[in-house]
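The values are calculated or read from the model by the stated rules, or taken from the named source; none is laboratory data. On a predicted model such as this, the values are computed, not experimentally measured, just so you know. Every residue, glycine as well, gets a Cβ built from its backbone with ideal geometry; the counts of neighbours run over all protein chains shown. Accessible surface is based on the protein model in full, side chains and every heavy atom, while ligands, DNA and RNA are left aside. Shrake-Rupley method; radii C 1.70, N 1.55, O 1.52, S 1.80 Å.
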Amino acid sequence: MPTSPLLTLPGAVAAEAPDAGVAAHYGDPLREQRRLEAGEGFVDLSHRDVIRVAGPDRLSWLHSLTTQHLTDLKPHEATQTLVLSPHGHIEHALYGVDDGEAFRAHVEPGEAPTLVEFLDRMRFMLRVEVADVSADFAVVHEAGGDAPDGVLVRTTGYGREVFLPRERLAAYGREHAHPAGMWAYEALRIAAHRPRRGLETDHRTIVHELGLIDTAVHLDKGCYRGQETVARVHNLGRPPRRLVFLHLDGTQETLPAHGAPVELAGRQVGFVTSAARHHELGPIALALIKRNTAVDAELLAGGVPATQEIVVPA
């Protein structure tokens with residue numbers, strides 16, 4: 001994906017992978033966080049890929065392939081759904097909305113080609129058309145204000161996501177106040193315990209480990225790829241790992257990196273998935289740890305002392 005034109009805005013500092021191509025911040029990431037929480041400003045998410053699924057069979061078809069109940073999805077109603085492997089591991093996370101004619105969703109940067117290839121293989125004789133439209137549409141998160149005219153909007157509990165025609169992105173940045181970068185956006189995501197595919201996941205992550213049952217999985221629907229694992233773990237109630245929120249020791253100058261070991265009494269029990277500095281909570285992180293790790297145990301996250309806050313019950 002090409003570099004965003006919003007990196008030319010005053011104060012913009014480019015982010016690194018997996019968010020390369022957009023701004024990490026615009027000079028004051030803590031202030032940017034506070035504005036977003038107050039319902040002001042926007043975040044450039046134009047590095048994320050966008051897919052479009054059209055055709056009269058699109059919702060029933062996606063319903064049969066993914067974890068969410070989609071057959072009755074109303075126009076402009078936001079949804080989150082997952083594509084799982086045959087063994088129930090998370091392969092793609094789709095943040096979507098249907099406009100009555102087509103379903104559009106954004107996914108992690110660089111993932112649309114693989115996802116579209118998989119979906120194309122599963123079309124058979126159904127009336128659906130799948131396309132990678134990342135070159136045509138850019139995603140922008142808006143914390144508040146009025147949405148632009150004539151665009152598809154996905155409203156969430158923490159703002160809205162605009163599928164903006166990419167040719168309008170530069171003008172959008174000039175016309176809207178208070179840009180915020182990925183450091184602010186990610187800090188608020190971590191504080192809200194919202195997992196992100198590719199950061200909170202590895203090759204064997206299942207939905208129960210991240211607490212996605214309530215937001216991205218429907219338990220009373222027909223079969224889909226990976227459903228057997230979802231049902232089995234749900235009935236047994238014993239996922240091997242659990243997502244945990246960590247309050248990090250604020251005296252340390254650096255944050256633990258993605259993948260840094262989480263240790264208990266010298267033994268590794270998991271790894272750090274995301275870390276950030278929050279404007280109120282200080283240094284924070286998400287981590288994936290062994291399910292049976294004591295919930296009151298003090299941990300070391302990349303060598304930094306950390307206390308737990310439960311996200312997924314043990």
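Details
- Beta-bridge orientation, the chain: approximately 95 percent antiparallel, per DSSP, counting only bridges with both partners inside.
- Over 12 Å [Cα-Cα, the stretch 63-105], rounded percent: 59 percent
- Solvent-accessible area per residue in the stretch 49-132 equals 42 Å², computed with a 1.4 angstrom probe and all protein chains kept.
- Note on exposure: H278, H89 ranked by accessible area (1.4 Å probe, complete protein assembly) read H89, H278, with the most exposed listed first.
- Taken along the Cα-to-beta-carbon direction at a fixed 7 Å, the label points for T155 and A170 span 3.3 nm.
- Under the criterion of Cα pairs below 8 Å and six or more residues apart, the relative contact order for the chain equals 19 percent.
- The phi-based Karplus calculation (6.51 cos²θ - 1.76 cosθ + 1.60; θ = phi - 60°) puts the 3J(HN,Hα) values of the stretch 151-157 at 10, 7, 10, 10, 8, 10, x Hz, whole numbers, x for Gly and Pro.
- Theoretical gain in end-to-end length, S85 to F124 [0.36 nm per residue, Cα-Cα removed]: 12.1 nm
- Derived scalar couplings ³J(HN,Hα) [the stretch 120-136; Karplus, 6.51 cos²θ - 1.76 cosθ + 1.60; whole Hz; x for Gly, Pro]: 4, 5, 9, 6, 6, 9, 6, 8, 9, 10, 10, 8, 8, 10, 4, 6, 9
- Karplus (6.51, -1.76, 1.60) ³J(HN,Hα), θ = phi - 60°, over the stretch 65-75, in Hz, Gly and Pro reported as x: 9, 10, 7, 9, 7, 10, 4, 9, 4, 7, x
- Using a simple spin-label model with pseudo-atoms 7 Å out from Cα toward Cβ, V13 and D214 lie 3.5 nm apart.
- Anisotropy class of the stretch 240-313 from Cα gyration tensor, a/c 1.5 cut: prolate
- A helix-only calculation puts the chain at -5000 deg cm²/dmol for mean residue ellipticity at 222 nm, using -39500 (n - 2.57) for each DSSP H run of at least four residues, averaged over all residues.
- Scanning residues 5 or more positions from T156 or on other chains, those with amide H under 5 Å from its amide H are E161, with H placed 1.01 Å from N in the peptide plane.
- Alpha-carbon gyration tensor eigenvalues x 5, square-rooted, for the chain, Å: 31, 28, 15
- Sorting D120, D19 by solvent-accessible area of protein heavy atoms yields D120, D19, largest first, with a 1.4 Å probe.
- Ranking of E209, E186, E253, E129 by solvent-accessible surface, largest first: E253, E129, E186, E209 (1.4 Å probe, protein heavy atoms only, all chains present).
- Cα-Cα separations in the stretch 1-104 greater than 22 Å, expressed as whole percent: 50 percent
- Computed with a 1.4 Å probe on the full set of protein chains, the accessible area for R31 sits at about 120 Å².
- In terms of overall dimensions, the C-alpha atoms belonging to the stretch 49-132 reach 29, 27, 22 Å along their principal axes, ordered largest to smallest.
- Residues whose placed amide H lies under 5 Å from that of V151, excluding near-sequence neighbours: none
- In percent, rounded to a whole number, the relative contact order of the stretch 51-176 is 24, using alpha-carbon pairs under 8 Å and six or more apart.
- Treating each Cα of the stretch 12-67 as one equal point scatterer and applying the Debye formula with no solvent, the log10 of I(q)/I(0) at q = 0.28, 0.31 Å⁻¹ comes out as -1.14, -1.24.
- F137 contributes an accessible area of around 40 Å² to the protein surface, as traced by a 1.4 Å probe with all chains present.
- Nearest-10 value in Å² for the accessible area of H258, using the 1.4 Å probe: 100 Å²
- Estimated translational diffusion coefficient (Stokes-Einstein, Kirkwood radius over Cα pairs, 20 °C, 1.002 mPa s) of the stretch 168-314: 129 µm² per second.
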